[in-house]
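Data first, discussion second: the structure below is written as structure tokens.
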Amino acid sequence: MTRSAKTLLPWLMIFGAGICLRTGIASLSPILDRIERTLAISNAELGLLTTLPVLCMGGLSPLGHMLERRLGLKRSMIMALALLTIVLLLRLDGGSYGLLLFTAVGVGVGDAIIRPLLSGFIKGEFASRAPAAMSVYAASMGVGSAVAAFGTPRISDATGNWPLGLAFWALPTALAGFCWILWREDIAAPARSASQPSLTISRSGILGLTLFFGLQAGINYVAIAWLPSLYGALGYSDHTAGLLVAIMMLFQTGVSFGMHVIMRALKLTTIKAALIFSGLAILGTLSLLLAKPVPWLAPLMIGIATGGLFPVALLQPLDFARDRSEATRLAGLTQTGGYLLGGILPWITGLLIDQLGVAPALLTLLVGSAGFLAVITVAIQRIYQK
């Protein structure tokens with residue numbers, strides 16, 4: 001392998017693995033109606049196909065650290081990508097709801113292993129370039145969501161076979177696994193001992209990082225899930241509502257990808273970036289008050305805010321970790337509770353909508369979450385200063 005290829009390979013490893021974290025879930029959403037018609041299942045059963053992976057991501061995130069300690073980072077990552085490839089290929093048999101449910105769990109398990117391993121890999125491989133690597137990581141997930149949501153129904157239409165549209169995403173997963181096979185791991189880097197030393201951050205610090213991760217994820221999930229309903233209630237068409245959410249995701253992905261440039265240009269530390277983008281989240285959610293006369297303002301500002309907050313949430317555990325193994329462990333701990341909290345917030349929003357109506361409920365939860373996010377950020381700042 002040439003020197004330039006060796007330099008490029010770690011970036012391809014991050015980008016490839018990051019794309020795979022979203023395709024397994026995002027590919028389902030555009031064709032849920034076809035799955036429902038074919039399998040004659042209820043909406044509740046249909047919802048499990050997208051809910052179970054998120055629950056697995058939240059509950060099983062410590063698996064990444066456990067596997068790294070026993071197998072090393074490279075073998076753990078290859079195993080997780082192989083698992084993802086297999087379960088996505090199993091979706092070729094679309095006649096069984098039970099099998100689709102099994103693949104949903106498999107996607108969640110694979111994602112739960114990969115996410116903290118990527119944080120550890122970035123900590124060990126990129127050091128001072130970690131913000132740039134995290135930007136690529138965060139942006140790759142946005143790209144994965146977009147291409148899967150856009151491509152799955154088109155592949156399904158072109159082939160007349162929606163299971164093939166779902167199984168297609170095993171291909172980029174396998175290619176990502178091939179990139180990881182080419183990588184030569186530094187065996188001395190991971191912690192191999194059976195002992196598990198204490199982290200350099202307190203339990204209250206871990207709680208703060210977990211709440212930060214969960215709130216920023218929850219704001220994103222709630223906006224994606226319920227903004228179309230808000231704009232529909234305001235009289236906008238489904239097409240317009242979908243376009244506005246697409247604007248949010250476009251700005252989110254763009255900011256995530258350029259986050260390292262923003263931090264470097266403005267000379268922002270991780271905590272300063274967290275404070276700034278938490279403030280933008282408050283302004284963005286408050287701008288929902290102008291959703292009727294200026295419909296594009298809230299999606300644009302929320303997209304910018306969440307686009308900055310996600311890479312910051314990924315970077316924070318690295319700031320408190322001494323080495324790659326500890327970064328994997330801390331990322332797993334914070335993402336466990338973080339994804340569970342983020343996944344629950346859209347459900348809580350639905351309960352509030354039943355009681356208050358879509359506009360008051362969405363404004364209450366998003367503004368409240370953004371405000372609490374800012375409070376948590378200030379608390380984390382004190383930990384940085386110690």
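The values are calculated or read from the model by the stated rules, or taken from the named source; none is laboratory data. If you're wondering where the values come from, they're calculated on a predicted model, not measured in any experiment. Reconstructed Cβ throughout: ideal geometry from the backbone, glycine too, with neighbour counts over all protein chains shown. Note: accessible area is taken over every heavy atom of the protein model, side chains too, but ligands, DNA and RNA are not part of it. Shrake-Rupley method; radii C 1.70, N 1.55, O 1.52, S 1.80 Å.
Points worth noting:
- Residues of region 258-268 satisfying the condition of being under 20 Å from the mean Cα position of the chain (by Cα) and crowded, with 19+ Cβ neighbours inside 10 Å: Met259, His260
- Residue match in region 272-284 (condition: closer than 30 Å to Arg203 by Cβ and either charged (D, E, K, R) or at pLDDT below 90 (or both)): yes
- You will find that of Gly142, Gly106, the residue that is among the small types (Gly, Ala, Ser) and free of Cβ contacts under 8 Å to residues at least 24 places away in the same chain is Gly106 and no other.
- Unique residue being touching a Phe, Trp or Tyr at 6+ places or on another chain (Cβ under 6 Å) and open to solvent by less than 10 Å² (accessible area, probe 1.4 Å) when the list is Met77, Met141: Met77
- Against the list (1) of a type in the set (A, V, I, L, M, F, W, C); (2) within 19 Å of Leu207 (Cβ to Cβ); (3) surrounded by 18 or more Cβ atoms within 10 Å (Cβ to Cβ), the condition Val358 fails is (2).
- Taken over region 19-40, the criterion of being open to solvent by 20 Å² or more (accessible area, probe 1.4 Å) and hydrophobic (A, V, I, L, M, F, W, C) is satisfied by Ile19, Ile25, Leu32, Leu39, Ala40.
- Residue in region 54-66 that is small (Gly, Ala, Ser), in a helix (DSSP H, G or I), under 29 Å from Arg324 (Cα atoms) and at pLDDT below 85 present: yes
- Search result, residues across region 330-352 that are within 15 Å of Ile224 (Cα to Cα) and of a type in the set (Val, Ile, Thr): Ile344, Ile348, Thr349
- Residue pairs meeting the criteria (Cβ under 9 Å; at least 6 apart or on separate chains; first free of Cβ contacts under 8 Å to residues at least 12 places away in the same chain and part of a helix (DSSP H, G or I), in region 70-96; second of a type in the set (A, V, I, L, M, F, W, C) and open to solvent by less than 60 Å² (accessible area, probe 1.4 Å)): Arg75/Leu67
- Failed item in (1) small (Gly, Ala, Ser); (2) within 27 Å of Gly110 (Cα to Cα); (3) at pLDDT below 90, with Gly242 passing the rest: (2)
- Restricting Leu211, Leu234, Leu230, Leu215 to residues that are hydrophobic (A, V, I, L, M, F, W, C), surrounded by fewer than 16 Cβ atoms within 10 Å (Cβ to Cβ) and modelled with pLDDT of 85 or more narrows the list to Leu234.
- Residue match in region 67-74 (condition: modelled with pLDDT of 85 or more, open to solvent by 40 Å² or more (accessible area, probe 1.4 Å), within 16 Å of Gly142 (Cα to Cα) and of a type outside the set (Asp, Glu)): no
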